[in-house]
1. Among the numbered conditions (1) over 30 Å from ARG178 (Cα atoms); (2) outside any loop (DSSP other than H, G, I, E, B); (3) free of Cβ contacts under 8 Å to residues at least 40 places away in the same chain, tell me where LYS70 comes up short.
2. Specify which of the listed residues (LEU77, LEU9, LEU20, LEU88) is touching a Gly at 6+ places or on another chain (Cβ under 9 Å), part of a strand (DSSP E or B) and of a type outside the set (Phe, Trp, Tyr).
3. Any idea which of (1) touching a helix residue (DSSP H, G or I) at 6+ places or on another chain (Cβ under 6 Å); (2) hydrophobic (A, V, I, L, M, F, W, C); (3) not in a strand (DSSP E or B) is the one ILE61 doesn't satisfy?
4. Out of the stretch 26-46, which residues are without any contact (Cβ under 8 Å) to a residue 12 or more places away in the chain and more than 8 Å from the chain's Cα centre (by Cα)?
5. For the stretch 89-110, enumerate the residues that are touching a strand residue (DSSP E or B) at 6+ places or on another chain (Cβ under 7 Å), under 26 Å from GLY126 (Cβ atoms) and of a type in the set (A, V, I, L, M, F, W, C).
6. Looking only at the stretch 153-171, filter to residues that are charged (D, E, K, R) and modelled with pLDDT of 75 or more; which one of those is nearest to ILE183 (Cα to Cα)?
7. Which members of the stretch 172-194 meet the condition of being at pLDDT below 70 and either surrounded by 14 or more Cβ atoms within 10 Å (Cβ to Cβ) or under 17 Å from ARG38 (Cα atoms) (or both)?
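The values are calculated or read from the model by the stated rules, or taken from the named source; none is laboratory data. Only a predicted model underlies this, so the values are computations on that prediction, with no experimental measurement involved. No Cβ is skipped: glycine too gets one built from the backbone with ideal geometry, and neighbour counts run over all protein chains shown.
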Amino acid sequence: MIPVKFDQLLFSNMGFVILLKEEEGRTLPIFIGAAEARAIALYMKKIVTPRPLTHDLLKNILDYLECRIKRVEVCDLKEGTFYAKLILERDGIEMEIDSRPSDAIALALLASAPIFVAESVMDEAGGVSFAGLETEIAEQKPADQKPNEEEAEHDQLTKLKKELEKAVEEERYEDAARIKKEIERLEGYKKTDN
């Protein structure tokens, strides 16, 4: 098993991608779902939600049961699908739980647990797949190129409007009211600026 570090979360035209990087430089891209991407993004931005999300809930249950996530292993790749295991420990006894890599990695990040990738998986998909993926990443601006103010405001408004819809759908009305005020503030600022 090769130790890897979570490198970044990206959005491509094919969906969300997490990049796991080994010390020697190879990078393993794994496509994940929106829920897992959200959990990882919230963790990366150190945002605490008012109520626990699914991955938070699972970590809380494991903590309550005094079961520790010892490590995560991305252990296999079959027909383009990655397989992973959560290695848990309770009372000195190790247990292996089958998991999707996205869920396992989200939990590993929440629990500060190490992540490993099988050498055969890294040999098959590490670096080789990433080279082709670089061009698929949705138009990412170079780190030193800042978006202009108008683009940033538009992006922020779009993001807030989506958050508002989601808050209303999930019946989080306090959050929805707060988001609506922020949208109105930005739109008012934009109108007076023109």
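1. (3)
2. LEU20
3. (1)
4. Residues satisfying the conditions are LYS45, LYS46.
5. Correct list: ILE97, ALA104, ILE105, LEU107, ALA108, LEU109.
6. Only one residue tops the list, namely LYS161.
7. Within the stretch 172-194, LEU186 is the sole residue that qualifies.
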